[in-house]
Amino acid sequence: MDSVRVNLGTRSYEIAFGDGSEDFALFLSRCCPRSGKCFFVADEHTVPFAKNLAQSFGSHATLAVIPSGESSKSMTQATELYTRLASLPADRQ
């Protein structure tokens, strides 16, 4: 995985990029080393990538697949995702 540093003084940050789910999984493990669980959201077009990513986290990952398109950008869909997230032992750690 490659990265670029954006130098903004005290607000500086890194942008990481790569070409596969292995790179992203490594990035997540470095950014969130204490995190034991992940909740991934994908649509029908990105589900193959998301499945690979979720599998790399094993039983600690949950994958929610939503329909693609504008219809998924709704309060109904957000409510469904929040309900699913609330049913897990989820936190911000």
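The values are calculated or read from the model by the stated rules, or taken from the named source; none is laboratory data. The model shown is predicted, which means the values in this text are computed figures rather than measured ones. Ideal geometry is used to build each Cβ from the backbone, glycine not excepted, and the neighbour counts take in all protein chains shown. Heads up: the accessible areas ignore ligands, DNA and RNA and are worked out on the full protein's heavy atoms, side chains in. Shrake-Rupley method; radii C 1.70, N 1.55, O 1.52, S 1.80 Å.
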For this session: Search the range 70-93 for residues being in contact (Cβ under 8 Å) with a residue 12 or more places away in the chain and not charged (D, E, K, R), and hand back the single one that is most open to solvent (accessible area, probe 1.4 Å).
Result: Gln93
For this session: Output the number of residues of the range 44-67 satisfying the condition of being open to solvent by less than 40 Å² (accessible area, probe 1.4 Å), farther than 19 Å from Leu26 by Cβ and touching a residue at least 24 places away in the same chain (Cβ under 8 Å).
Result: 3
Seminar exercise, completed: Going through the range 68-93 in order, the residues found to be within 25 Å of Leu26 (Cα to Cα) and acidic (Asp, Glu) are Asp91
